[in-house]
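We did not get these values from a lab; they are worked out from the coordinates using the rules stated. Because the structure is a prediction, the values reported are computed rather than measured. Cβ sites come from the backbone with ideal geometry, for glycine too, and all protein chains shown count toward neighbours.
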Amino acid sequence: MKTHYLGHINATNPLKLKKPFVNEPCTKCDIFNICSSRCLYTNITKRWNPKAYSSVCDTVQNLIGAITKELSRIKKDHSTWKSMSERFRIHEV
């Protein structure tokens, strides 16, 4: 596991992180341009068999599908929240 450690979130300069390289099957996936190997740990470590790896990938594909399906509502809700926060001086966390 230490070979995959990039640094501590509180102590490591993000500009000095070594770049992890993503390999197949991620780079051959239809949603790679959106996902960008969201399951990077899974891609790099290759600890599971192809069926288990596919299950991890399926969860990310389902998440992206669900968000895409609701994107117009999300944008509308965000716009409403932004308008309300400006009106009532509510600061986003």
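Ignoring everything except DSSP H segments at least 4 long, calculate the 222 nm mean residue ellipticity for the chain; use -39,500 (n - 2.57) per segment, divide by total residues, nearest 500.
Only helices count here, giving -16000 deg cm²/dmol.
Treat the count of other C-beta atoms within 10 Å as a stand-in for reagent exposure and order Tyr5, Tyr53 from fewest to most.
Listed from fewest to most nearby Cβ atoms, that is Tyr5, Tyr53.
Ranked by Cβ crowding within 10 angstrom, fewest neighbours first, how are Glu70, Glu24 ordered?
With the sparsest Cβ surroundings first, the list reads Glu24, Glu70.
On a 0 to 90° scale, report how tilted helix 50-69 is relative to the longest principal axis of the chain, with both axes built from alpha carbons and the result rounded to the nearest 10.
20 degrees
Taking the 0 to 90 degree range and rounding to the nearest ten, how far is the long axis of helix 71-88 tilted relative to the main principal axis of the chain, both from C-alpha atoms?
Helix 71-88 sits roughly 50 degrees off the main axis of the chain.
Using every alpha carbon pair in the chain, what percent of pairs falls into each 10 Å bin from 0 up to the bin containing the largest distance?
For the chain, the pair-distance distribution reads 13, 29, 27, 24, 7, 0.
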